[in-house]
Amino acid sequence: MRPGSHLAALVKVGAAGAAGVAGSLLLWAAAVEPRLVDRQEHEARIPSLPAAWDGQRFGLIADLQVGIWGANLSTVRRIIGMLVDERPAFVIIAGDLIYEATQHAERQIATTIDLLRPLTAAAIPCYAVLGNHDYPEEVTGSAAARHPAPQALTGALEAVGIRVLENEAVRLDPPTLVGEPQADLYLVGIGAHIPRLDDPLDAIRQVPEYAPRIVVMHNPKSFPQLPPGSAPLAVAGHTHGGQLRVPFKPEWSPSALLTDAISHTDGWIDDYGTPGNRLYANRGIGFSSLPLRFGCPPELTLFTLRAPSAE
């Protein structure tokens with residue numbers, strides 16, 4: 001055997017092994033992890049929460065991204081089925097229902113409605129905010145708000161009983177009155193941040209002072225604008241958890257290299273926003289750019305509402 005042939009053989013074996021590992025990881029990211037569902041359950045304490053709401057649960061989903069190539073529709077259907085089985089008091093959809101508002105929007109909207117219809121057919125109250133993908137990328141402000149695609153999406157959602165909130169607050173109907181005269185709980189929905197349609201201050205002003213509330217937004221970057229103590233529970237989507245990241249190291253992802261840390265954070269976000277406010281970011285179901293997930297399985301979040309302890 002010629003000198004160096006052993007080294008060449010080792011290099012070939014190593015290259016083949018590396019290619020095999022890379023192929024296995026790619027297969028996992030494309031075909032396995034997107035079909036997994038990470039069911040997260042959390043308690044959320046809300047000041048002044050009425051007894052009628054104490055112990056009630058709500059579901060949170062985000063980022064369906066219907067319309068991207070290789071869209072994760074089967075997992076969306078599974079998660080909707082799980083919510084129907086769970087029958088929470090209500091469900092929040094935190095934006096990016098479709099993926100491309102300027103191409104084939106009608107088809108994307110029709111598919112989205114077909115996916116979500118079982119929730120309202122089961123008489124589960126549903127609320128949504130829109131995200132940046134629900135608007136055309138090239139327009140912002142009032143032009144984005146007037147664009148036919150988000151208007152058609154909003155109309156289609158509300159036609160099947162899903163209330164769309166844009167910088168507004170609504171009083172939620174309690175699941176049971178249990179003889180309690182006051183059972184107020186408000187849901188505050190904030191407009192999409194990237195098209196410059198978010199106005200957290202205007203939205204939060206619509207809630208009576210000291211009334212219990214939940215705040216929902218698509219992009220976590222709307223959160224710091226909320227006044228201190230005005231959002232003891234806020235929820236968001238948008239981040240995808242980074243979508244591709246080193247397991248157990250959420251700060252190690254391609255998005256972390258391109259943007260600030262908040263844009264890839266999921267779960268409870270600490271040391272962010274003003275005092276007395278707390279934000280939870282759901283990592284979503286679908287994809288952005290590539291139909292891959294690694295270290296970031298799709299998430300269904302279920303929150304149990306609790307009044308603060310007397311201690």
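The values are calculated or read from the model by the stated rules, or taken from the named source; none is laboratory data. Remember, predicted model here, so these are calculated numbers, not experimental data. No Cβ is skipped: glycine too gets one built from the backbone with ideal geometry, and neighbour counts run over all protein chains shown.
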Subset tally (residues that are part of a loop (DSSP other than H, G, I, E, B) and either farther than 24 Å from residue 99 by Cα or at pLDDT below 95 (or both)) for the range 185-194: 1
Among residues of the range 119-152, those that are assigned to a loop (DSSP other than H, G, I, E, B), surrounded by 14 or more Cβ atoms within 10 Å (Cβ to Cβ) and under 21 Å from the mean Cα position of the chain (by Cα), counted: 6
Some residue of the range 74-90 being surrounded by 19 or more Cβ atoms within 10 Å (Cβ to Cβ), assigned to a helix (DSSP H, G or I) and modelled with pLDDT under 95: no
Residues satisfying the stated conditions in the range 152-176, i.e. out of contact with any Asp or Glu (no Cβ under 6 Å at 6 or more places or on another chain), polar (S, T, N, Q) and over 20 Å from residue 117 (Cβ atoms): 176
Pair list, Cβ under 8 Å, 6 or more apart: the range 62-82 residue free of Cβ contacts under 8 Å to residues at least 40 places away in the same chain, other residue surrounded by 15 or more Cβ atoms within 10 Å (Cβ to Cβ) and in a helix (DSSP H, G or I): 77/115; 80/115; 80/116; 80/119
Within the range 195-222, tally of residues that are part of a loop (DSSP other than H, G, I, E, B) and among the basic types (Lys, Arg): 1
Any chance residue 95 is under 16 Å from the mean Cα position of the chain (by Cα) and either within 23 Å of residue 198 (Cβ to Cβ) or not assigned by TED's automatic domain parsing to the domain that holds residue 192 (or both): yes
Count of residues meeting criterion [within 10 Å of the chain's Cα centre (by Cα) and among the acidic types (Asp, Glu)] in the range 266-301: 2
Unmet requirement for residue 92, which otherwise passes all of (1) within 20 Å of residue 235 (Cα to Cα); (2) out of contact with any strand residue (DSSP E or B) (no Cβ under 6 Å at 6 or more places or on another chain): (2)
